[in-house]
Amino acid sequence: MGKNRGKIQDQNMELHIHEGNEKEHEENYEEPLLDHEDEKLIKRALIDFKCKVEDAIHGNYLFGIPDTHPCHNQSTKEIEQLNEIKLWGVALMPSKPHEGTDTLLLKFLKLKNYVVHEALEKLRKTLAWRKEFKADEILEDNLGPEFQKVAYLNTVDKEGRPVFYHVYGDLKDKPMQYLEKMRSEENSDKFLRWRVQQMEKCIKELNFEPGGADSLIQVIDWKDFQGPHTKELRSVYRKCWALLEEHYPEIIHQYIIVNVPLRYYVSHSFSSRLITHKPSNKIIFARPGKVTETLLRFISPENLLVEYGGLKRINDNEFSLEHKVFELNLKAHASTHIEIPAPEVGVTIVWDVTVVEWDVTYKEEFKPEDEGSYQVVLQDKEKKGGERLCVRNSYYINEGGMISIFIHNHINKCKKVFYRYKTKPTVPTYLSYKT
C-alpha cells in the first residue's frame, strides 16, 4: 500500500501508555483519523483479504494444510463444514456473509497494519490455535471455583462497550501453598483456560454488526496484588496477556490498570512492549489516588461500581439507568448543598451520593415545612484520606419537607459530586403489622 500504508502504520504504532494522574492525558484512546485516500486503501485491502480468505476456504488451506496434501483427503461433509466456518459466531466465508464479517476481518487487517498476507497468516494461526485449544467448547468446561471471584462482567462504558473487571487482589488471602501451585504446568494451563473462558464469555456480549459494540474495556485491579506471594500468578498473567494479544485481535479496546504501585508502572509498561513486540497504545495506568477520576473518563457514574467511586451496585434493583444522575463541582475548601424536595407524605425517598476522592465532611438532615416541627439529623460523618465517600440512605416522609445534604471539602482541590434520588410508595411498618 506504499507510502499511505506506512502512514497508517505509523499512526497505529504511536505509543500512548498513559499514567492516570498526568494532566496531559485527559482523553481516552481514540482511533487515528484517516483521510479519504487512506479509507480507499483500507477498503481495497479488505476486498483483497476477503478474496484470499475465500480462496483459502475453497482450497482447504485455511488451517495451513492444502488440499493436495497426500494425507489429507476430506469428505464432502468436512468440506461443507469448512464452508460454514465461523469465528465468534460470525461467518468467515465472504460469499456467505454475516453482517459482522467485514468488521471481524478488519480486526485482523488492522492488527497487521493492513498487510493482507500477514493478516491471512494471523487468521490461520488463530483458527489453528482455537482448534487445538478447543476454544469453541471452552464455555462448557467446569474449571472449578478457584478464580470465580477474580473476574466479572458488569456494566458498559460511555460508548456501550462491555466492561470486564479482573480483581486480582481477591487472591491475597489465598494460602501460600495455593499460589505456589501455579508453578506446575497443569495449574498454569488451567488458569490460561479459565482466562480464555472468561474472554469467550465477554465476546458473547459483543455485536460485530455495523454500529455495534465490537470490543470491550478491560479493567485490571492490582490492589493488594503485590509481594513475593503473588510472583507465580503474575508470571501466568503475563502468559495470558501474550495469548490474548496473539489470538484476540482488537477485541480489547482499552486496558485500564488501576491501583498500580509506582515501582510496577515502568516495569509493566516495558514488559508489555516486549510481550507484544510493539508499543502499546491502549494501556492506561491509574495510581491509587486517581482510580475514580480515571475510570470516570470512560464509564458514566451510574455504570461505575461503588467500590471504584461510582453509583452502581451489584445485584441492585433500587435504581435503573432511567433515574437521572446529577453532577456538582465542589470547589477547594468550599461547601455545597443538595436539596431533595419531599412534599408528598406517605412515601420513602431513597438517594445515592458519591464524592470523587475523600477528605470531606458529610451531613444529612430532614427539614420539615412546619416551623414547629423538629429537624432530624440522618447522618453526620467525616471522611479522611483513604476513605471514599459513597452513601445510600432513605427516609420515610410522614410530613412535608426537604432532605438537605451538606458537603464540605477540606483540601485545596476541586472535586466532583454525583447524586440521584427517587420516591417510592411505602406502607408504614405499624400498618403492615395490623394487616
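The values are calculated or read from the model by the stated rules, or taken from the named source; none is laboratory data. A quick note: this is a predicted structure, and the numbers were derived from the prediction, not measured. Backbone-built Cβ (ideal geometry, glycine too); neighbour counts: all protein chains shown. What goes into the accessible areas is simple: the full protein's heavy atoms, side chains included, and nothing from ligands, DNA or RNA. Shrake-Rupley method; radii C 1.70, N 1.55, O 1.52, S 1.80 Å.
Computed values, structure above
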{"read-out": "Filter result (modelled with pLDDT of 90 or more, surrounded by fewer than 17 Cβ atoms within 10 Å (Cβ to Cβ) and in contact with a Phe, Trp or Tyr (Cβ under 8 Å, 6 or more places away or on another chain)) within the stretch 125-146", "value": "A128, K131"}
{"read-out": "Pick from the stretch 147-179, criterion of a type in the set (D, E, K, R) and modelled with pLDDT of 90 or more, ranking: least open to solvent (accessible area, probe 1.4 Å)", "value": "D157"}
{"read-out": "Residue that is modelled with the lowest pLDDT [pool: residues in the stretch 60-82 that are surrounded by 13 or more Cβ atoms within 10 Å (Cβ to Cβ) and not in a helix (DSSP H, G or I)]", "value": "H72"}
{"read-out": "Subset tally (residues that are touching a strand residue (DSSP E or B) at 6+ places or on another chain (Cβ under 9 Å), under 15 Å from D214 (Cα atoms) and among the hydrophobic types (A, V, I, L, M, F, W, C)) for the stretch 89-104", "value": "1"}
{"read-out": "Hits in the stretch 102-116 (condition: in a helix (DSSP H, G or I) and either open to solvent by 20 Å² or more (accessible area, probe 1.4 Å) or touching a helix residue (DSSP H, G or I) at 6+ places or on another chain (Cβ under 7 Å) (or both))", "value": "D102, T103, L105, L106, F108, L109, K110, L111, V116"}
{"read-out": "Among residues of the stretch 196-249, those that are assigned to a loop (DSSP other than H, G, I, E, B), modelled with pLDDT of 85 or more and not aromatic (F, W, Y), counted", "value": "12"}
{"read-out": "Selection count, the stretch 289-341, where residues are among the acidic types (D, E) and within 16 Å of the chain's Cα centre (by Cα)", "value": "3"}
{"read-out": "Enumeration of residues in the stretch 334-384 that are surrounded by fewer than 12 Cβ atoms within 10 Å (Cβ to Cβ), β-branched (V, I, T) and not in a strand (DSSP E or B)", "value": "V345"}
{"read-out": "Residue count for the stretch 319-330, restricted to those that are loosely packed, with under 12 Cβ neighbours inside 10 Å and in a loop (DSSP other than H, G, I, E, B)", "value": "3"}
{"read-out": "Subset of the stretch 83-101 [touching a Lys or Arg at 6+ places or on another chain (Cβ under 9 Å), outside any loop (DSSP other than H, G, I, E, B) and open to solvent by less than 10 Å² (accessible area, probe 1.4 Å)]", "value": "L87, T101"}
